[in-house]
Every structure is written in structure tokens, then in C-alpha cells.
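Q: Quick one: this structure, given as C-alpha cells, is what I'll be asking you about.
The values are calculated or read from the model by the stated rules, or taken from the named source; none is laboratory data. Note that the structure is a prediction, hence the values are computed from the model and not measured. With ideal geometry, Cβ positions are generated from the backbone for all residues, glycine too; neighbour counts draw on all protein chains shown. When the accessible area is computed, the model is the full protein with side chains, heavy atoms only, and any ligands, DNA or RNA have been set aside. Shrake-Rupley method; radii C 1.70, N 1.55, O 1.52, S 1.80 Å.
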Amino acid sequence: MKKLIALLLVVASGQAMAQPTAQKIIDQIKNQVNCQWSSETVDTFKSGNPESPVSGVLCCMFADMTTLEYAVANKCNLIITHEPVYYNNFDETQHLQDDPVLQTKLNYIKEHRLIIWRFHDHWHRHQPDGIYVGILDKLGWSNNVPGDDYHYVSLQEQSLQDLVQYLQDLFQIPGIRVIGNPDMKVSKVGLTLGAPGAQRHIQMLQTDIDVMIAGEAREWETYQYLNDARLQGKKKAVIFLGHIKSEEAGMAYMAKWLADFQKEVPVLYLENQVPYWNPN
């Protein structure tokens, strides 16, 4: 009996030692992407010790407080997030040193020894772009890309209103924003997810697409360009899903992609909830 207990302890000890470090998992990701890894990138560790063993991985769009708590509850001490953790692109915190919101978040991360790594630049540079693969799958449009460019989708002709309703039913967003005639017929769709900026938006709208599905934009840029196009009677429209919902499915796909080659610890995904609401 004593020999059996000793053997079980050795096995348990071996299993604990077999847990990969966070750095090992990130190195696996770097080896799997098909783009060259750049030294100038936001894809870096934002908290925790990269050499710590990992019990589980949680993939998400934003590492907000709900995500952190979910990770702890599900024994995932490595969080891979697509977007910033500390409210700006480079996760700089000097200007927020005495801020109570940041301090509460940092204290929670430290208390639970969470390791957070951002995966943004190279997930977009990976071919095909992981974010677009995920959103096309969620939309059910993976087979509607007419060529090699996944920014363009060809659909059966329908009204703009019907397309917007489909997106609303799918994403359940409290506030899709649309500019364009609801009755206009659309079939050629352009995708500009996230926040690529007005220049990219306008370049897309200058092509022969009918409607652009976008993430977010400044109201004095793309919004006004499209509004003028509408007022001029041009057959163009734009649908803004917001940043979270326009890209989030790409991180659901990322979790599946990671689990295909990282078999040592569980890989989970958490969908972020849109934090805003409207009176309706």
C-alpha cells in the first residue's frame, strides 16, 4: 500500500512538473503563425511571470474584470487577449499610477498570479488573418468569399434592412449603427473589422461594394463621408457592429487553433459582453 501511495505521489509530481510554462506556450504560438515575428509589436506579456507553469489558457477579446474572474474560477492562469489590458494600445500605466480602477485591477491580477499576454499584431498578419477567419465562420459566409481576399463577400441580393436584421439577430448588439437607405439592395459586402481608420474605410467604400460592415470609427470621419454619399444619392451603406463584436469571433477561432497543437493544458474561450446599453 505504501509503495502504491509513493507511486501515485511520483506520478502526481511528474504531472505537475509537466505543466508548460507560459513562455513555452507563447513560443509554440510564435512557431505556428506563418508570418515573421516582429520585435516591434504589442504582442507581449502584460503581467505575470512568463516562466510560471500554466494550469489552463483562457482566450478572449478583452481581459476585463469578468474575464479575470472567469479565468480564476476555471483555473486558467494564462490569459491571451486580443486587445489592451490597461486602457491604451501600448498598455502604458504611468499616467494612471494613482487611479483606483487600475489599482484594483492590478491588485486582482497580482493576488491571483495571472499571466496576461496580448495576441494582436501577428494574429492579424497570420494568413489568412485569424480574426477574419473567425468572423466569416460566425457569419456563415466562409464559402461566400469570391476570391482570395477575405475582405470581400458576395451574398444573395437582399435589402439593407434584412442584412442588418440578420446581424442584429446573430450578435444581439444593443446599438448597431447603420447609414444608408434601408430599402436599397445589397449583395457585395466589404469587411473592415476593428478600427483600421478612416483611410482604410474610405478606400473600401471606393470599390464596387454596396455595403461595408465595420467595427468602429470616429464620427467626424467615416460617418460623415458615408452620410454625404447617401445625401448625394450614391448606392453605398455602412453597418457599424462596434469593435468587440466585429472581431471577437476571431478569438474564439484562436482558441480552437491553439488547442490543435497545444495539448498539455485546457484551452478555453470567453465571449465578452458589450458593456453599454440603450433605452430600448
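Q: Only one of Tyr132, Tyr70 is touching a residue at least 24 places away in the same chain (Cβ under 8 Å), assigned to a helix (DSSP H, G or I), buried (at least 20 other Cβ atoms within 10 Å of the Cβ) and aromatic (Phe, Trp, Tyr); which?
A: Tyr132
Q: Let me ask something else. Within segment 97-128, can you find the residues that are free of Cβ contacts under 8 Å to residues at least 24 places away in the same chain and within 18 Å of Ile26 (Cα to Cα)?
A: Residue satisfying the conditions is His124 alone.
Q: May I ask you to verify whether Lys138 is of a type in the set (D, E, K, R), under 18 Å from the mean Cα position of the chain (by Cα) and assigned to a helix (DSSP H, G or I)?
A: Yes.
Q: Then there's this: So which residues in segment 203-221 are open to solvent by less than 10 Å² (accessible area, probe 1.4 Å) and under 30 Å from Cys59 (Cα atoms)?
A: Within segment 203-221, Met212, Ile213, Ala214, Gly215 qualify.
Q: Please specify each residue of segment 52-67 satisfying the condition of being assigned to a loop (DSSP other than H, G, I, E, B) and closer than 22 Å to Asp129 by Cβ.
A: Met61, Phe62, Ala63
Q: Still on this structure, I have one more. Return the pair list, or none, for Cβ contacts closer than 9 Å from residues in segment 148-169 that are in the same structural domain as Ala214 (by the TED database) and more than 23 Å from Gln127 (Cα to Cα) to residues that are open to solvent by 60 Å² or more (accessible area, probe 1.4 Å) and part of a helix (DSSP H, G or I), at least 6 apart or on different chains.
A: Within 9 Å, the pairs are Gln158/Tyr166.
Q: I've got another one for you. Here is a check on your reading of the model: is Asp183 touching a strand residue (DSSP E or B) at 6+ places or on another chain (Cβ under 9 Å), farther than 18 Å from Trp141 by Cβ and of a type in the set (Asp, Glu)?
A: yes
Q: Looking at segment 236-258 only, could you name the residues that are in a helix (DSSP H, G or I), of a type in the set (D, E, K, R) and under 17 Å from Pro196 (Cα atoms)?
A: Lys245, Glu247
Q: Scanning for something part of a helix (DSSP H, G or I), closer than 28 Å to His126 by Cβ and in the same structural domain as Leu170 (by the TED database), does segment 259-278 turn up at least one residue?
A: no
Q: Among the candidates Glu92, Glu157, single out the residue that is assigned to a loop (DSSP other than H, G, I, E, B) and not hydrophobic (A, V, I, L, M, F, W, C).
A: Exactly one of Glu92, Glu157 is assigned to a loop (DSSP other than H, G, I, E, B) and not hydrophobic (A, V, I, L, M, F, W, C), namely Glu92.
Q: Search segment 21-51 for residues being in a loop (DSSP other than H, G, I, E, B) and acidic (Asp, Glu), and hand back the single one that is most open to solvent (accessible area, probe 1.4 Å).
A: My answer is Glu40.
Q: Please enumerate the residues belonging to segment 194-213 that are of a type in the set (A, V, I, L, M, F, W, C), outside any loop (DSSP other than H, G, I, E, B) and more than 17 Å from Asn181 (Cα to Cα).
A: Ala198, Ile202, Met204
Q: Open to solvent by 60 Å² or more (accessible area, probe 1.4 Å), assigned by the TED database to the domain that holds Met65 and not acidic (Asp, Glu): does that describe His95?
A: Against the criterion (open to solvent by 60 Å² or more (accessible area, probe 1.4 Å), assigned by the TED database to the domain that holds Met65 and not acidic (Asp, Glu)), His95 qualifies.
Q: What number of residues within segment 222-280 are open to solvent by 50 Å² or more (accessible area, probe 1.4 Å), under 19 Å from Ile176 (Cβ atoms) and aliphatic (A, V, I, L, M)?
A: 0
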